[in-house]
1. Where in the stretch 224-330 are there helices (runs of 4 or more DSSP H), lying fully within it, with 1 or more residues that are open to solvent by less than 90 Å² (accessible area, probe 1.4 Å) and under 30 Å from residue 375 (Cβ atoms)?
2. Examine the stretch 357-365 for a residue that is open to solvent by 30 Å² or more (accessible area, probe 1.4 Å), of a type in the set (A, V, I, L, M, F, W, C) and not assigned by the TED database to the domain that holds residue 216, and state whether such a residue exists.
3. Out of the stretch 392-408, which residues are of a type in the set (Gly, Ala, Ser) and touching a Leu at 6+ places or on another chain (Cβ under 9 Å)?
4. Got a sec? Which strands (runs of 3 or more DSSP E) wholly within the stretch 85-162 have at least 3 residues that are more than 28 Å from residue 445 (Cβ to Cβ) and open to solvent by less than 40 Å² (accessible area, probe 1.4 Å)?
5. Quick one: how many residues across the stretch 176-209 are closer than 22 Å to residue 325 by Cα and assigned to a loop (DSSP other than H, G, I, E, B)?
6. Checking the conditions here, which among 132, 118, 126 is over 23 Å from residue 41 (Cβ atoms), in the same structural domain as residue 90 (by the TED database) and under 27 Å from the mean Cα position of the chain (by Cα)?
7. Does residue 351 meet the test of being part of a loop (DSSP other than H, G, I, E, B), surrounded by 13 or more Cβ atoms within 10 Å (Cβ to Cβ), touching a helix residue (DSSP H, G or I) at 6+ places or on another chain (Cβ under 7 Å) and in contact (Cβ under 8 Å) with a residue 40 or more places away in the chain?
8. Hey, could you check the stretch 177-193 for residues that are open to solvent by 90 Å² or more (accessible area, probe 1.4 Å) and of a type in the set (Asp, Glu) and say which is modelled with the lowest pLDDT?
Amino acid sequence: MSNISGPDTKQIQYDRQLRLWGDHGQKALEAGRVCLIGANALSTEILKALVLPGLGSFTIIDHQLVTLEDCGSNFFVHPSMIDQPRARVTCELLKQLNPDVHGTYVDKPSIDDLLKQNTFDFAQFNVVITANLPLNTLVTLSTHLWSLKIPLLVARAYGFIGTIRLQVVEHYIIEAHPDDTIPDLRLDRPLKSFVNHCNSVDFNSLTREQHLHMPSLIILYKTLQQWQKQTNRIDIPHTRKERDEFKQILEQLSHHSVYDVSDSNKSLENFDEAKRVIPSRLVNTTIPSAINNLFQDRSCLELSNQSHMFWFIINAMKLFTQNEGQGLLPVRGEVPDMITNTSSYVKLVEIYQEQAKKDCETIHNYLIDLLKQHNRFSTMSSNEAATLHELVHTYCKNATFLNVMRTASIKNEDDSLKKLIEQIPLESSSDESESEVSWYIGLRLCDAFYEKFNRYPGEFPLSTNDETNSDQRQLEIDFNDLKQIGRQLLNSDRQQSSI
């Protein structure tokens, strides 16, 4: 009887997302700790999208009570919950979506008081999320989180307009999951084991079945060898003329004495595939500019005991490229599917995976040496040390797509905003095209309106039947006030810039 077991409950429950971000991404999500500030309609929808796929834990901070307005927009409140703490109500309903997720809430004191008291530990979270938070509170919060190096995700919705803004000192992109990638096969600088395997193949002595099932990768390399020999070159074809010469040689290799008359018009799928994949196989193997930028980044060049593990691994990878890699990144070890038989394909996979394993081991050794040099290895727990090899494997597998994201702090964003405002004419015609920057500035003006009137423009009590025109009059008043705030901000910034 077979001992092979099927997928467990978690694999079945999270199957679709595992296909998107894999086991490593799922583990990161399940270890995630999120703080949500403000349990309004927008923020709870954001949190719902994290709870359903299996977020580790969340904490909601909100001192407001449920209102009738909440019931008209927020799926996680009900009219029977009016005047109850909004943080508690939404927390309980969100937890029902996924019993695996742990949720807590803070309904007293307010976020403003928490920031003034400076007693709440925001450092316990991986990310803080806010939605429609007043500007003054947002600036105070963002400044505090910036000092703690805790990422802040700022979302806001105003009618049918919405923005999302990430504030992060450094965000490390390890698994980018790009849609289209060029396989790391290195026909221009082939692996020694791959060359040896190809050299063991003699086209003249192939049987009919061997020729029919020859992998397109080997066909391309054999063609490349002949093209280089005929042209006295050591590189790969680049121009259209060179590609045409290459295809002619490939066509010649597709003809073989083992075929009889009945095979004269037979389509050789493996050779057709070889022609089709030339653009993605015959490419120069280089280090992407983004990776070169990481190698030259100050954080990589100046490691310290406090450096993030990302930079230690980047430094180790750089040492590999300068030495064993001979100017190239580690082999990713993935071989795309191709028309061939199982044994031929498995052999190719073994060649590339074995080289990827060797490269990974070399980088792992460099990493251990770097951690020891900076007195970091001795302070690591046994669990952290044990996972280093798996972590290095993940980096090597995604070496081509590694990157780092840095943003400006929200507090310093105003300087850039002022420069943008200075470029906008005081009076603009209505037929001018609306840019994303204009929308962004408009929303910031709405924030300034809120700071002055404690409400957003266009947000006022519903009119009665006897006051059919009151809403329209109020809207005109709000519009004029908003324009006045904009003029004041423009004039103020321009006066300051001219001093």
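1. Numbers: elements: 240-254, 269-276, 278-281, 289-295, 298-301, 309-322.
Output list reads 289-295, 298-301, 309-322.
2. Taking every residue of the stretch 357-365 in turn, none turns out to be open to solvent by 30 Å² or more (accessible area, probe 1.4 Å), of a type in the set (A, V, I, L, M, F, W, C) and not assigned by the TED database to the domain that holds residue 216.
3. Of the stretch 392-408, the ones of a type in the set (Gly, Ala, Ser) are 399, 408.
Of everything in the stretch 392-408, just one residue is of a type in the set (Gly, Ala, Ser) and touching a Leu at 6+ places or on another chain (Cβ under 9 Å), namely 399.
4. Details: elements: 102-106, 127-131, 152-158.
Hits in the stretch 85-162: none.
5. Let us first name the residues in the stretch 176-209 that are closer than 22 Å to residue 325 by Cα, namely 181-198.
Still in the list and also assigned to a loop (DSSP other than H, G, I, E, B): 181-191.
Number of matching residues: 11.
6. Working: 132 fails: over 23 Å from residue 41 (Cβ atoms); 118 fails: under 27 Å from the mean Cα position of the chain (by Cα).
When all the criteria are applied, what remains is 126.
7. Numbers: part of a loop (DSSP other than H, G, I, E, B): no; surrounded by 13 or more Cβ atoms within 10 Å (Cβ to Cβ): yes; touching a helix residue (DSSP H, G or I) at 6+ places or on another chain (Cβ under 7 Å): yes; in contact (Cβ under 8 Å) with a residue 40 or more places away in the chain: yes.
No, not satisfied.
8. Ranking the candidates gives 180 first.
The values are calculated or read from the model by the stated rules, or taken from the named source; none is laboratory data. Keep in mind the model is a prediction, meaning the values are calculated, not measured. Please note: Cβ atoms are built from the backbone with ideal geometry, for glycine as well, and neighbour counts cover all protein chains shown. Side chains are part of the model used for accessible areas, which takes the heavy atoms of the whole protein and leaves out ligands, DNA and RNA. Shrake-Rupley method; radii C 1.70, N 1.55, O 1.52, S 1.80 Å.
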